[in-house]
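Below is one structure, written out as structure tokens, with a few remarks after it.
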Amino acid sequence: MKIWLSLLVVCISTVCIFNKTTALAFTNGVSNTAKPTPSYAKWGSLAVQEAKKRYPDSTVIDYKHVGLKEISSTESQETFKLWMRNSKHEFGLYVYVVYNKANQKLSRISFKETSR
């Protein structure tokens with residue numbers, strides 16, 4: 001009986017140590033893999049902020065970066081699609097952020113509602 005009890009304690013201890021080591025290894029792997037901030041993050045924050053101002057009764061429920069487009073040799077356009085919700089309905093909102101490439105200053109921002 002004592003032998004079985006000793007074996008049981010050893011087995012449980014081994015499992016606990018293995019699980020703790022595995023958990024630590026997994027946690028360390030995850031915490032060391034921070035993603036870099038995307039180049040469009042600044043403009044995405046601005047797009048959401050301006051959409052909230054323009055549609056104060058709506059909530060942004062989803063966000064997608066559509067892409068970057070070169071408008072001219074001096075300007076670029078970041079396009080975002082937001083999914084908005086208010087008390088009446090849900091709708092898509094394209095936000096076009098045009099900025100000066102050299103100084104990273106906002107040139108203009110425009111909006112286009114869509115049903116999809």
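Any read-out appearing in this document is the output of simple, stated calculations on the displayed coordinates, not a laboratory observation. The shown structure was predicted, so the numbers you read here are calculated from the model rather than taken from an experiment. Cβ coordinates were reconstructed from backbone atoms using ideal geometry, including for glycine residues, and neighbour counts include every protein chain displayed.
Quick look at the numbers
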| read-out | value |
| --- | --- |
| Test result for F80, within 24 Å of S39 (Cβ to Cβ) and aromatic (F, W, Y) | yes |
| Pairs where the first residue, in region 79-98, is free of Cβ contacts under 8 Å to residues at least 60 places away in the same chain and more than 12 Å from A51 (Cα to Cα) and the second is part of a loop (DSSP other than H, G, I, E, B) and among the aliphatic types (A, V, I, L, M), C-beta under 7 Å, 6+ apart | V98/I71 |
